[in-house]
Amino acid sequence: MKICFVVRSVYSQVMTYTTTHLAYEAFLRGHSVYYTTVNSLSFSDTTRVRATVVSPGPGPFLNRQAFLTALQGEQSTRDEVCLSDMDAVFLRYNPNESDSEKERNRNPSIEFGRLLKAHGVFVINDPTGLTRASSKMYLSEFPADIRPKTLITRSTIKIKEFLHALKKPAIIKPLSGYGGQDVFFIKNPKKEWNINQIISAVSKNGYVMAQEYLPEIKKGDKRLLLLNGNPIFSGKQAAMYRRMSPKGDIRSNMHIGGTRKTVPFTKAEARIAERIRPKLVSDGLYFVGADIVGNKLLEINVFCPGGINNINELYHINVGRIVIEDLEIRVRIHKTQHGIVVPHPRARLS
């Protein structure tokens, strides 16, 4: 297969990124691997979607670091190609990381992804599904019993009414926030003397999400990776780990000092996965990360779900290989549905 990864920058990629894991495993399985950036994408009626792609060369590469060094070095090859000729394209671009407010509000890779999908390319994740899931409001489309009590508004009055009616601690954060930015813990709204200032600060760039605080977060949240709506397993081991908050912080994001730990896969995670699977499949969200606290779903990461490196190191498994093995089968099914004859994949999911 020919597989392309659309990223923000080829040169910002590091060995531990989930994208690197996926790309290297695809390379090891004999697939042609390419990277391109959002700014490299173009479209015309005669050439369809085109891009300048970067390839690491023929190898061999003994490990991910050697693969990445070749990709980012002088031995890499650059070509302008028609992305519509790719078998699969991963949209591994998170608009929330962009310095441009326009790109944060409108993800250009989604628009190009729609064109690629129309030409029969298997796009991960589905562009229409990404649009639906681009806001934290997407969580409201899942059953109420598996998510925290939530209010989304820009009204200071309504937020304060929600907090008082909740009668328990709460979290206030931007609806479009990312990476734990501007997240506030409200222990008691009646005693929070600067509550108006907090709401004003969070709402300055858009809507506010007020959410009940889940005390289980003190033990950290759990990141569970799902493939086509199902938890990823290697044998009996689920692709899941616990993220612990740094001391004195309510956020568990790894880039702010959170730590990782092993965690068992329980009936709570199985139940959540079962409840969210139909919608994930319906929306074409093939590879996602679900963030879980206690028995509640906090968030679904659809743009650049990460965690493969942490999971592999904690459990000594290879999640990237499982994803690519499954992708081989999915692409064959996808092409068959579009009337394209393809050879059998080299390996099947065990």
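Taking (1) touching an Asp or Glu at 6+ places or on another chain (Cβ under 8 Å); (2) within 26 Å of residue 289 (Cβ to Cβ) in turn, residue 55 satisfies each apart from (2).
In the stretch 1-15, which residues are under 15 Å from the mean Cα position of the chain (by Cα) and either crowded, with 22+ Cβ neighbours inside 10 Å or modelled with pLDDT of 95 or more (or both)? Outline the logic, then answer.
Narrowing the stretch 1-15 to residues under 15 Å from the mean Cα position of the chain (by Cα): 5-8.
Of everything in the stretch 1-15, those that are under 15 Å from the mean Cα position of the chain (by Cα) and either crowded, with 22+ Cβ neighbours inside 10 Å or modelled with pLDDT of 95 or more (or both) turn out to be 5, 6, 7.
Comparison of 173, 167 shows that the only residue that is over 22 Å from the mean Cα position of the chain (by Cα) and basic (Lys, Arg) is 167.
The set of residues in the stretch 31-69 being out of contact with any Ser or Thr (no Cβ under 7 Å at 6 or more places or on another chain), among the small types (Gly, Ala, Ser), within 23 Å of residue 321 (Cβ to Cβ) and at pLDDT below 95 consists of 59 alone.
Only residues that are in contact (Cβ under 8 Å) with a residue 60 or more places away in the chain, part of a helix (DSSP H, G or I) and either acidic (Asp, Glu) or in contact with a Cys (Cβ under 6 Å, 6 or more places away or on another chain) (or both) were counted in the stretch 278-322, giving 0. Right, residue 237: under 22 Å from the mean Cα position of the chain (by Cα) and surrounded by fewer than 17 Cβ atoms within 10 Å (Cβ to Cβ) or not? When the stated conditions are applied, residue 237 does not pass them. Taking the numbered list (1) more than 18 Å from the chain's Cα centre (by Cα); (2) at pLDDT below 95 in turn, residue 105 passes all entries but (1).
For residue 236, are the conditions met, namely being among the basic types (Lys, Arg), modelled with pLDDT of 90 or more and touching a Gly at 6+ places or on another chain (Cβ under 8 Å)? Taking the combined requirement at face value, the residue does not satisfy it. Candidates 294, 258: the one that is modelled with pLDDT under 95 and surrounded by fewer than 18 Cβ atoms within 10 Å (Cβ to Cβ) is 294. Taken over the stretch 70-84, the residue count meeting the criterion of being under 20 Å from residue 327 (Cβ atoms) and exposed (fewer than 14 other Cβ atoms within 10 Å of the Cβ) is 0. When the stretch 204-220 is filtered for residues that are under 28 Å from residue 158 (Cα atoms) and among the charged types (D, E, K, R), the ones remaining, listed by number, are 204, 212, 216, 218.
Inspect all residues belonging to the stretch 175-197 and state whether any of them is part of a strand (DSSP E or B), aromatic (Phe, Trp, Tyr) and in contact (Cβ under 8 Å) with a residue 24 or more places away in the chain. Scanning the stretch 175-197, I find at least one residue that is part of a strand (DSSP E or B), aromatic (Phe, Trp, Tyr) and in contact (Cβ under 8 Å) with a residue 24 or more places away in the chain, so the answer is yes.
Within the stretch 132-145, restricting attention to residues that are surrounded by fewer than 18 Cβ atoms within 10 Å (Cβ to Cβ) and of a type in the set (Ser, Thr, Tyr), the residue that is modelled with the highest pLDDT is 140.
Of all residues in the stretch 134-160, those that are in a helix (DSSP H, G or I) have Cβ atoms under 7 Å from Cβ atoms of residues that are loosely packed, with under 15 Cβ neighbours inside 10 Å, 6 or more apart or on another chain, in 156/196. Restricting the stretch 60-89 to residues that are touching a helix residue (DSSP H, G or I) at 6+ places or on another chain (Cβ under 7 Å) and without any contact (Cβ under 8 Å) to a residue 40 or more places away in the chain, the residue that is farthest from residue 109 (Cα to Cα) is 61.
The values are calculated or read from the model by the stated rules, or taken from the named source; none is laboratory data. Just so you know, these numbers come straight off a predicted model, no measurement behind them. Because the Cβ atoms are built from the backbone with ideal geometry, glycine has one as well, and the counts that use them run over all protein chains shown.
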